[in-house]
Amino acid sequence: MDRVIDIHTHYVPRGWPDLRGDGGPDAPWLRLETESDAVIMMGTKEFRRIRSDCWDAEVRLRDMDTDGVRTQVVSPTPAFFNYGRSGREAARIARIFNDLALEIVEPAPDRLIPFCQVPLQDPDAACRELERCVAAGHRGVEIGNHVGDQDLDSEGVVTFLQHCAALDVPVFVHPWDMASSPRLDRWMAQWLTAMPAETHLSILAMILGGVFDRVDDRLKICFAHGGGSFAFWLGRMENAWHGRNDVIGTSRFPPSHYLGRFHVDSVVFDERALRLLVDTVGADRVMVGSDYPYPLGERPVGQVVRKSQFLDDTERRQIGHENAERFLGLSSS
């Protein structure tokens, strides 16, 4: 499997201006510890330890070469979405990070593809920032799977998704702001259970909320982490749609009808899970993703796709790069 395109990676700039604004004392900042080590801080609390692979293109390219990755999509780290702030403040912060992202990918524009972030809580501002970013060189947009209590079927998000479809801008949906409780504070349970559930819920919102019925079918949208738990529970959704259509019958068609309307990445870490995913959504709807450079990501990138015996060479090419080329509007040469 050559010419691999990794659809799911993240960046963090090496520094940024003071973001406190209306966000109060818990605004994120970066505590640099060495030339290659730092800590993302939320006010006085440590959020995540990171290394220079988050911001250094040279390090990133070296890892890509080691793993046989030709191209990376470089997306924001969801902690910086700032959907809980005012639209004005979130737009200001999005502009800062989007411009810094372009600086990070500048050394290798043929291999590092930037995706922007937008103030999704303000659809008009989100559309404006999307247009600005696309004009500046961003090739797509990453959004969170919800804004407060509003899922992806809220009117504002649907308006933004329709704008993405009209501009032919691909959308990458990443879970964030997972539910918190003492029961989820052990074993990284937020990441191991709540994160897959959030992604599943976002696909439910698109289907059962009727978004795919309303948004232009030109919309190119991909869900992180293999679509969460969606593939395993599609049969349950289908049964509920037919058995209790009076409760969940918002969509025009049963859930399986919409399988051709979205992509998922391959970050499922296990051949059995990948087989279910491919059997459910199709080999033409899965793209290699790694969640690089974070510790819960896949290294070497694409190893499960490479090693899975059930895939033939055609399917491996599709997942490895052909699907992503179409999704991103890249030449296949």
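The values are calculated or read from the model by the stated rules, or taken from the named source; none is laboratory data. Model, not experiment: these values are computed from the prediction. Cβ: placed from backbone, ideal geometry, glycine included. Neighbour counts: every protein chain shown.
Quick notes on this one:
- Complete set of residues in region 108-138 that are in contact with a helix residue (DSSP H, G or I) (Cβ under 6 Å, 6 or more places away or on another chain) and assigned to a loop (DSSP other than H, G, I, E, B): Ala108, Gln117, Val118, Pro119, Leu120, Gln121, Asp122, Gly137
- Here the condition is being over 16 Å from the mean Cα position of the chain (by Cα), within 26 Å of Val157 (Cα to Cα) and among the hydroxyl-bearing types (Ser, Thr, Tyr); of Ser52, Ser36, Ser86, it holds for Ser86 alone.
- Residues in region 268-296 that are free of Cβ contacts under 8 Å to residues at least 60 places away in the same chain, within 29 Å of Met237 (Cα to Cα), surrounded by fewer than 21 Cβ atoms within 10 Å (Cβ to Cβ) and of a type outside the set (Ser, Thr, Tyr): Phe269, Asp270, Glu271, Arg272, Ala273, Arg275, Leu276, Asp279, Gly282, Ala283, Asp284.
- Residue count, region 55-98 (criterion: buried (at least 23 other Cβ atoms within 10 Å of the Cβ), outside any strand (DSSP E or B) and of a type outside the set (A, V, I, L, M)): 5
- Under the condition of being closer than 21 Å to Glu142 by Cβ and either surrounded by fewer than 14 Cβ atoms within 10 Å (Cβ to Cβ) or out of contact with any His (no Cβ under 9 Å at 6 or more places or on another chain) (or both), the residues counted in region 251-267 number 3.
- Single residue of Thr193, Thr159 found to be in a helix (DSSP H, G or I), at pLDDT 95 or above and of a type in the set (S, T, N, Q): Thr159
- Any hit, region 16-24, residues being over 22 Å from the mean Cα position of the chain (by Cα) and on the phi > 0 side of the Ramachandran plot: yes
- Arg31 being at pLDDT 90 or above and within 25 Å of Val267 (Cβ to Cβ): no
- Close pairs from region 211-231: first over 15 Å from Ala324 (Cα atoms), partner surrounded by fewer than 24 Cβ atoms within 10 Å (Cβ to Cβ) and among the aromatic types (Phe, Trp, Tyr), Cβ under 6 Å, at least 6 apart: Phe212/Tyr258
- The residues of region 1-28 that are at pLDDT 90 or above, in a strand (DSSP E or B) and touching a Phe, Trp or Tyr at 6+ places or on another chain (Cβ under 8 Å), listed by number, are Asp6, Ile7, His8, Thr9, His10.
- For region 111-131, the condition of being modelled with pLDDT of 95 or more, among the small types (Gly, Ala, Ser) and within 22 Å of Ala166 (Cα to Cα) holds for at least one residue.
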